[in-house]
Amino acid sequence: MSAYAVARLTDAVMGPGIVEYLKRIDATLEPFNGHFLIHGGPINRLEGAWSGDLIMIGFPTMESARAWYESPAYREILPLRTMNSKGDVILIEGVSPDHRASDILEAVTA
């Protein structure tokens, strides 16, 4: 099952640290078949309050997503992001193409 690293970053300081992080992150993704699906950009807010930038990186499996995040190459550049931005980061599994919203009701009622 596909997995995703999802971040909502706020208060990013576009200085030398973030620039270095952006120059180096792609190389950390390659060994784990990770690729950007969303990387900031303009939004069309429909409901609620939204701030920050949304980033989503796709991976073939949860194992590959976790291995990327825990890899020495990513751990080396991680402080460049965390010292220059705030936000939330999660890893989450995707769903199959035939998934329907009501599928979660089985888990809730079990």
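Every read-out reported here was derived from the displayed coordinates using simple, explicitly stated rules and does not represent laboratory data. Given the structure is predicted, the values throughout are model-derived calculations rather than measurements. Neighbour counts are summed over all protein chains in view; Cβ atoms, including those assigned to glycine, are modelled from backbone coordinates with ideal geometry.
Scalar couplings 3J(HN,Hα) for the range 104-109, obtained by applying the Karplus form with A = 6.51, B = -1.76, C = 1.60 to θ = phi - 60°, are 6, 5, 4, 5, 6, 8 Hz; x denotes Gly and Pro. Under a model in which nothing but the beta-carbon of Lys, Arg (+1) and Asp, Glu (-1) is charged, the range 1-71 shows a dipole of about 80 debye around its Cα centre. With Cα atoms as the point set, the range 70-110 shows a radius of gyration and Dmax of 17.4, 44 Å. Could you tell me the relative contact order of the chain? Use alpha-carbon pairs under 8 Å, at least six residues apart, and round to a whole percent. Relative CO of the chain lands at 47 percent.
Quick check: pseudo-label points 7 Å beyond the Cα along Cα→Cβ at Ser96 and His35, how many nm apart are they? Modelled inter-label distance: 2.3 nm. When Rg and the Kirkwood radius Rh are both evaluated on Cα atoms of the range 42-110, their ratio Rg/Rh stands at 1.05. Seen from Ala12, the other residues with C-beta closer than 14 Å to its C-beta sum to a net charge of -1, counting Lys and Arg as +1 and Asp and Glu as -1. For the chain, adding -39500 (n - 2.57) for each run of n ≥ 4 DSSP H residues and dividing by the number of residues yields -10500 deg cm²/dmol at 222 nm.
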